[in-house]
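K.L.:
Take a look at the following structure, please.
The values are calculated or read from the model by the stated rules, or taken from the named source; none is laboratory data. None of the values given here were measured: they were computed from a predicted structure. Note: ideal-geometry Cβ built from the backbone for every residue, glycine included; neighbour counts use all protein chains shown.
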Amino acid sequence: MLCLVQKLSELRSLRDTNHINNFDHYVVRVAVNACNEYLRDRTPERSSLNHNLRDLMTRHRDFSVWKGENNLLLCGFAAWKKRKADAVRTIPPEQSEEIIQSLRRSGLVRPEFQRYPTGRILSAIFKQVGCPVEFDCLAEMVAALLMIKDLPTESLDQNDDGLSRELIDADPLPDAQIEGREMLRRMWEELQQMPAIQRDIVCFKFSDHSGEDFFNLIIQARIATLKELTEVFGLTPEQLAQLASKMPMGIQALADHFGVTPQQISKLHHRALKRLLGRLMEK
(Lines give C-alpha, C1' and ligand atoms only; values in the text may rest on other atoms or scores of the structure.)
Protein backbone atom coordinates (compact mmCIF):
# COMPACT_ATOMS: atom_id res chain seq x y z
CA MET A 1 0.00 0.00 0.00
CA LEU A 2 2.80 2.41 0.87
CA CYS A 3 4.62 1.62 -2.37
CA LEU A 4 1.47 2.15 -4.43
CA VAL A 5 0.63 5.49 -2.85
CA GLN A 6 4.22 6.69 -3.25
CA LYS A 7 4.24 5.75 -6.93
CA LEU A 8 0.91 7.46 -7.52
CA SER A 9 2.22 10.58 -5.80
CA GLU A 10 5.30 10.51 -8.03
CA LEU A 11 3.17 10.22 -11.16
CA ARG A 12 0.95 13.09 -10.07
CA SER A 13 3.98 15.30 -9.39
CA LEU A 14 5.34 14.74 -12.92
CA ARG A 15 2.34 16.46 -14.53
CA ASP A 16 3.20 15.25 -18.02
CA THR A 17 2.15 12.45 -20.38
CA ASN A 18 2.50 9.66 -17.82
CA HIS A 19 -0.91 8.04 -17.51
CA ILE A 20 -2.23 4.77 -16.11
CA ASN A 21 -4.37 3.10 -18.77
CA ASN A 22 -5.57 0.25 -16.56
CA PHE A 23 -5.47 0.95 -12.83
CA ASP A 24 -6.26 -2.64 -11.79
CA HIS A 25 -3.33 -3.97 -13.81
CA TYR A 26 -1.10 -1.24 -12.41
CA VAL A 27 -1.97 -2.23 -8.83
CA VAL A 28 -1.31 -5.89 -9.64
CA ARG A 29 2.08 -5.00 -11.09
CA VAL A 30 3.04 -3.01 -7.98
CA ALA A 31 1.85 -5.85 -5.73
CA VAL A 32 3.82 -8.48 -7.67
CA ASN A 33 6.97 -6.35 -7.50
CA ALA A 34 6.48 -5.91 -3.76
CA CYS A 35 6.10 -9.68 -3.32
CA ASN A 36 9.23 -10.33 -5.38
CA GLU A 37 11.18 -7.82 -3.29
CA TYR A 38 9.90 -9.47 -0.12
CA LEU A 39 11.09 -12.89 -1.31
CA ARG A 40 14.47 -11.53 -2.39
CA ASP A 41 14.95 -9.96 1.05
CA ARG A 42 13.94 -13.10 2.93
CA THR A 43 15.68 -15.68 0.73
CA PRO A 44 18.52 -13.98 -1.19
CA GLU A 45 20.43 -17.20 -1.95
CA ARG A 46 17.36 -19.02 -3.28
CA SER A 47 16.20 -15.96 -5.20
CA SER A 48 19.61 -15.71 -6.85
CA LEU A 49 19.51 -19.42 -7.75
CA ASN A 50 16.03 -19.11 -9.28
CA HIS A 51 17.14 -16.13 -11.34
CA ASN A 52 20.26 -17.92 -12.57
CA LEU A 53 18.31 -21.06 -13.50
CA ARG A 54 15.73 -19.09 -15.49
CA ASP A 55 18.43 -17.06 -17.19
CA LEU A 56 20.38 -20.19 -18.17
CA MET A 57 17.32 -22.01 -19.53
CA THR A 58 16.23 -18.92 -21.45
CA ARG A 59 19.62 -18.47 -23.13
CA HIS A 60 20.56 -22.14 -23.65
CA ARG A 61 19.25 -23.52 -26.93
CA ASP A 62 18.67 -27.00 -25.47
CA PHE A 63 16.46 -25.80 -22.60
CA SER A 64 13.30 -23.75 -22.31
CA VAL A 65 11.01 -22.17 -19.72
CA TRP A 66 7.35 -21.62 -20.55
CA LYS A 67 3.92 -21.15 -19.01
CA GLY A 68 1.48 -24.05 -19.00
CA GLU A 69 -2.11 -24.24 -17.88
CA ASN A 70 -3.15 -21.86 -15.10
CA ASN A 71 0.08 -19.90 -15.77
CA LEU A 72 2.12 -22.67 -14.13
CA LEU A 73 5.81 -22.13 -14.91
CA LEU A 74 7.29 -25.22 -16.58
CA CYS A 75 10.75 -26.13 -17.79
CA GLY A 76 12.64 -28.87 -19.57
CA PHE A 77 14.33 -29.62 -22.87
CA ALA A 78 13.30 -27.18 -25.60
CA ALA A 79 11.79 -30.05 -27.61
CA TRP A 80 9.33 -30.72 -24.77
CA LYS A 81 7.67 -27.31 -24.99
CA LYS A 82 4.86 -28.63 -27.21
CA ARG A 83 4.00 -31.54 -24.93
CA LYS A 84 0.52 -31.81 -23.50
CA ALA A 85 -0.23 -30.75 -19.96
CA ASP A 86 -0.78 -34.33 -18.82
CA ALA A 87 2.89 -35.05 -19.54
CA VAL A 88 4.03 -32.54 -16.90
CA ARG A 89 5.24 -33.92 -13.62
CA THR A 90 5.77 -32.84 -10.06
CA ILE A 91 8.73 -34.84 -8.82
CA PRO A 92 7.84 -36.75 -5.62
CA PRO A 93 10.29 -36.37 -2.69
CA GLU A 94 11.57 -39.96 -2.93
CA GLN A 95 12.43 -39.62 -6.64
CA SER A 96 13.95 -36.20 -6.03
CA GLU A 97 16.25 -37.69 -3.38
CA GLU A 98 17.21 -40.55 -5.71
CA ILE A 99 18.15 -38.11 -8.49
CA ILE A 100 20.16 -35.96 -6.06
CA GLN A 101 22.13 -38.95 -4.78
CA SER A 102 22.67 -40.18 -8.33
CA LEU A 103 24.10 -36.82 -9.41
CA ARG A 104 26.37 -36.69 -6.39
CA ARG A 105 27.71 -40.15 -7.18
CA SER A 106 28.31 -39.10 -10.80
CA GLY A 107 30.82 -36.44 -9.71
CA LEU A 108 28.95 -33.50 -11.22
CA VAL A 109 28.75 -31.82 -7.83
CA ARG A 110 32.07 -31.67 -5.99
CA PRO A 111 33.34 -29.21 -3.35
CA GLU A 112 36.50 -28.47 -5.38
CA PHE A 113 34.44 -27.10 -8.29
CA GLN A 114 34.65 -23.30 -8.38
CA ARG A 115 31.63 -23.24 -10.67
CA TYR A 116 29.15 -26.05 -10.86
CA PRO A 117 28.33 -27.30 -14.39
CA THR A 118 24.71 -26.18 -14.09
CA GLY A 119 23.85 -26.96 -17.71
CA ARG A 120 25.00 -30.56 -17.30
CA ILE A 121 23.17 -30.85 -13.99
CA LEU A 122 19.90 -29.68 -15.55
CA SER A 123 20.38 -32.01 -18.51
CA ALA A 124 20.94 -34.97 -16.18
CA ILE A 125 17.83 -34.12 -14.14
CA PHE A 126 15.63 -33.74 -17.23
CA LYS A 127 16.90 -37.04 -18.66
CA GLN A 128 16.06 -38.90 -15.46
CA VAL A 129 12.61 -37.29 -15.12
CA GLY A 130 11.79 -37.71 -18.82
CA CYS A 131 9.18 -34.94 -19.15
CA PRO A 132 8.57 -31.24 -18.38
CA VAL A 133 8.63 -30.35 -14.69
CA GLU A 134 7.39 -27.43 -12.62
CA PHE A 135 10.09 -24.80 -12.31
CA ASP A 136 9.69 -24.50 -8.52
CA CYS A 137 10.13 -28.26 -8.20
CA LEU A 138 13.35 -28.12 -10.24
CA ALA A 139 14.67 -25.19 -8.20
CA GLU A 140 14.00 -27.07 -4.95
CA MET A 141 15.98 -30.04 -6.24
CA VAL A 142 18.94 -27.97 -7.45
CA ALA A 143 19.02 -26.04 -4.15
CA ALA A 144 19.12 -29.31 -2.20
CA LEU A 145 21.78 -30.70 -4.54
CA LEU A 146 24.05 -27.66 -4.19
CA MET A 147 23.16 -27.26 -0.48
CA ILE A 148 21.93 -23.69 -0.98
CA LYS A 149 20.12 -22.48 2.12
CA ASP A 150 19.07 -19.13 3.50
CA LEU A 151 19.37 -18.36 7.19
CA PRO A 152 15.96 -18.59 8.89
CA THR A 153 14.42 -15.30 9.93
CA GLU A 154 13.64 -14.87 13.62
CA SER A 155 9.97 -14.48 14.39
CA LEU A 156 8.95 -11.82 16.90
CA ASP A 157 6.88 -14.34 18.81
CA GLN A 158 10.05 -16.38 19.48
CA ASN A 159 11.45 -13.59 21.65
CA ASP A 160 11.67 -14.79 25.24
CA ASP A 161 10.89 -11.31 26.53
CA GLY A 162 7.54 -11.29 24.73
CA LEU A 163 6.20 -9.20 21.90
CA SER A 164 5.15 -6.33 24.18
CA ARG A 165 8.75 -5.81 25.25
CA GLU A 166 9.89 -6.00 21.62
CA LEU A 167 7.38 -3.31 20.67
CA ILE A 168 8.33 -1.03 23.55
CA ASP A 169 12.10 -1.36 23.05
CA ALA A 170 11.99 -0.92 19.27
CA ASP A 171 14.42 1.63 17.80
CA PRO A 172 13.26 4.48 15.55
CA LEU A 173 13.51 4.17 11.80
CA PRO A 174 16.64 5.68 10.17
CA ASP A 175 16.49 9.14 8.61
CA ALA A 176 16.49 7.61 5.13
CA GLN A 177 12.96 6.38 5.78
CA ILE A 178 11.46 9.74 6.77
CA GLU A 179 9.21 9.75 3.71
CA GLY A 180 7.88 6.30 4.55
CA ARG A 181 7.38 7.41 8.16
CA GLU A 182 5.30 10.39 7.04
CA MET A 183 3.14 8.11 4.89
CA LEU A 184 2.64 5.77 7.85
CA ARG A 185 1.62 8.69 10.03
CA ARG A 186 -0.98 9.79 7.50
CA MET A 187 -2.24 6.23 7.15
CA TRP A 188 -2.64 5.91 10.92
CA GLU A 189 -4.57 9.18 11.11
CA GLU A 190 -6.95 8.08 8.35
CA LEU A 191 -7.38 4.58 9.77
CA GLN A 192 -8.55 6.00 13.09
CA GLN A 193 -11.38 7.78 11.24
CA MET A 194 -12.71 4.53 9.74
CA PRO A 195 -15.39 2.21 11.13
CA ALA A 196 -13.73 -0.02 13.71
CA ILE A 197 -14.03 -3.28 11.77
CA GLN A 198 -12.57 -1.77 8.58
CA ARG A 199 -9.75 -0.19 10.56
CA ASP A 200 -9.00 -3.47 12.33
CA ILE A 201 -9.02 -5.53 9.12
CA VAL A 202 -6.58 -3.20 7.38
CA CYS A 203 -4.26 -3.02 10.39
CA PHE A 204 -4.32 -6.75 11.20
CA LYS A 205 -3.75 -7.75 7.55
CA PHE A 206 -1.12 -5.15 6.68
CA SER A 207 2.59 -5.96 6.22
CA ASP A 208 5.36 -4.10 4.42
CA HIS A 209 7.77 -5.56 1.83
CA SER A 210 9.90 -7.17 4.56
CA GLY A 211 6.89 -8.76 6.28
CA GLU A 212 6.78 -6.33 9.23
CA ASP A 213 3.29 -5.90 10.68
CA PHE A 214 1.54 -2.55 11.12
CA PHE A 215 1.77 -2.41 14.92
CA ASN A 216 5.55 -2.81 14.90
CA LEU A 217 5.97 -0.33 12.05
CA ILE A 218 4.12 2.54 13.71
CA ILE A 219 5.75 1.90 17.10
CA GLN A 220 9.23 1.72 15.58
CA ALA A 221 8.50 4.96 13.72
CA ARG A 222 7.37 6.63 16.99
CA ILE A 223 3.96 7.32 15.46
CA ALA A 224 2.03 5.60 18.24
CA THR A 225 2.91 4.09 21.60
CA LEU A 226 1.86 0.73 22.96
CA LYS A 227 -0.47 2.52 25.39
CA GLU A 228 -2.11 4.48 22.54
CA LEU A 229 -2.68 1.28 20.58
CA THR A 230 -4.35 -0.41 23.53
CA GLU A 231 -6.67 2.59 23.88
CA VAL A 232 -7.57 2.77 20.17
CA PHE A 233 -8.28 -0.95 19.85
CA GLY A 234 -9.78 -1.36 23.32
CA LEU A 235 -7.36 -4.13 24.32
CA THR A 236 -5.06 -4.86 27.23
CA PRO A 237 -1.30 -4.95 26.53
CA GLU A 238 -1.43 -8.74 26.87
CA GLN A 239 -4.31 -9.04 24.39
CA LEU A 240 -2.55 -6.70 21.99
CA ALA A 241 0.68 -8.70 22.20
CA GLN A 242 -1.19 -11.96 21.57
CA LEU A 243 -2.96 -10.43 18.58
CA ALA A 244 0.24 -8.90 17.18
CA SER A 245 1.95 -12.31 17.30
CA LYS A 246 -0.53 -13.51 14.64
CA MET A 247 -0.04 -10.55 12.32
CA PRO A 248 -0.13 -10.12 9.42
CA MET A 249 -3.35 -12.16 9.37
CA GLY A 250 -4.78 -13.85 6.29
CA ILE A 251 -8.37 -13.66 5.09
CA GLN A 252 -9.43 -16.91 6.80
CA ALA A 253 -7.75 -15.95 10.08
CA LEU A 254 -9.53 -12.58 10.00
CA ALA A 255 -12.85 -14.29 9.25
CA ASP A 256 -12.37 -16.58 12.25
CA HIS A 257 -11.37 -13.64 14.46
CA PHE A 258 -14.40 -11.51 13.58
CA GLY A 259 -16.85 -14.41 13.20
CA VAL A 260 -17.81 -13.59 9.61
CA THR A 261 -17.23 -15.20 6.21
CA PRO A 262 -14.01 -14.76 4.20
CA GLN A 263 -16.11 -13.10 1.47
CA GLN A 264 -17.29 -10.46 3.93
CA ILE A 265 -13.69 -9.84 5.03
CA SER A 266 -12.60 -9.41 1.40
CA LYS A 267 -15.39 -6.90 0.71
CA LEU A 268 -14.68 -4.90 3.87
CA HIS A 269 -10.95 -4.91 3.15
CA HIS A 270 -11.53 -3.75 -0.44
CA ARG A 271 -13.80 -0.90 0.67
CA ALA A 272 -11.38 0.16 3.39
CA LEU A 273 -8.40 0.22 1.03
CA LYS A 274 -10.36 2.14 -1.59
CA ARG A 275 -11.34 4.74 0.98
CA LEU A 276 -7.82 4.91 2.46
CA LEU A 277 -6.10 5.35 -0.91
CA GLY A 278 -8.61 7.98 -1.92
CA ARG A 279 -8.08 9.99 1.27
CA LEU A 280 -4.30 9.74 1.04
CA MET A 281 -4.27 10.89 -2.58
CA GLU A 282 -6.39 13.94 -1.69
CA LYS A 283 -3.62 15.33 0.50
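K.L.:
Identify, by number, the condition in (1) part of a helix (DSSP H, G or I); (2) over 20 Å from CYS35 (Cα atoms); (3) aliphatic (A, V, I, L, M) that ALA224 doesn't meet.
P.N.:
(1)
K.L.:
What is the number of the single condition among (1) free of Cβ contacts under 8 Å to residues at least 24 places away in the same chain; (2) over 17 Å from GLN198 (Cβ atoms); (3) surrounded by 15 or more Cβ atoms within 10 Å (Cβ to Cβ) that THR225 does not meet?
P.N.:
With respect to (1) free of Cβ contacts under 8 Å to residues at least 24 places away in the same chain; (2) over 17 Å from GLN198 (Cβ atoms); (3) surrounded by 15 or more Cβ atoms within 10 Å (Cβ to Cβ), THR225 is out only on (3).
K.L.:
Something else about it: Using the structure shown, decide if LEU240 is surrounded by 15 or more Cβ atoms within 10 Å (Cβ to Cβ) and within 22 Å of VAL5 (Cα to Cα).
P.N.:
Working: surrounded by 15 or more Cβ atoms within 10 Å (Cβ to Cβ): yes; within 22 Å of VAL5 (Cα to Cα): no.
Taking the combined requirement at face value, the residue does not satisfy it.
K.L.:
Give LEU2, LEU74, LEU53 a once-over and let me know the one that is modelled with pLDDT of 85 or more and touching a Gly at 6+ places or on another chain (Cβ under 7 Å).
P.N.:
Only one candidate qualifies: LEU74.
K.L.:
Return the pairs, sorted by first residue and then second, in which the second residue is surrounded by 15 or more Cβ atoms within 10 Å (Cβ to Cβ) and aromatic (Phe, Trp, Tyr), the first residue lies in region 257-279 and is part of a helix (DSSP H, G or I), the beta carbons are less than 8 Å apart, and the residues are 6+ apart or on different chains.
P.N.:
Qualifying pairs under 8 Å: HIS257/PHE204; ILE265/PHE258.
K.L.:
Additional query: Can you name every residue in region 30-53 that is out of contact with any helix residue (DSSP H, G or I) (no Cβ under 7 Å at 6 or more places or on another chain), under 30 Å from LEU11 (Cβ atoms) and surrounded by 13 or more Cβ atoms within 10 Å (Cβ to Cβ)?
P.N.:
ALA31, ASN33, GLU37, TYR38, ASP41, ARG42
K.L.:
Looking at MET281, is it in contact with a strand residue (DSSP E or B) (Cβ under 8 Å, 6 or more places away or on another chain) and of a type outside the set (Gly, Ala, Ser)? Quick ask: steps written out before the conclusion?
P.N.:
Working: in contact with a strand residue (DSSP E or B) (Cβ under 8 Å, 6 or more places away or on another chain): no; of a type outside the set (Gly, Ala, Ser): yes.
Considered against the rule, which asks whether it is in contact with a strand residue (DSSP E or B) (Cβ under 8 Å, 6 or more places away or on another chain) and of a type outside the set (Gly, Ala, Ser), MET281 comes out as no.
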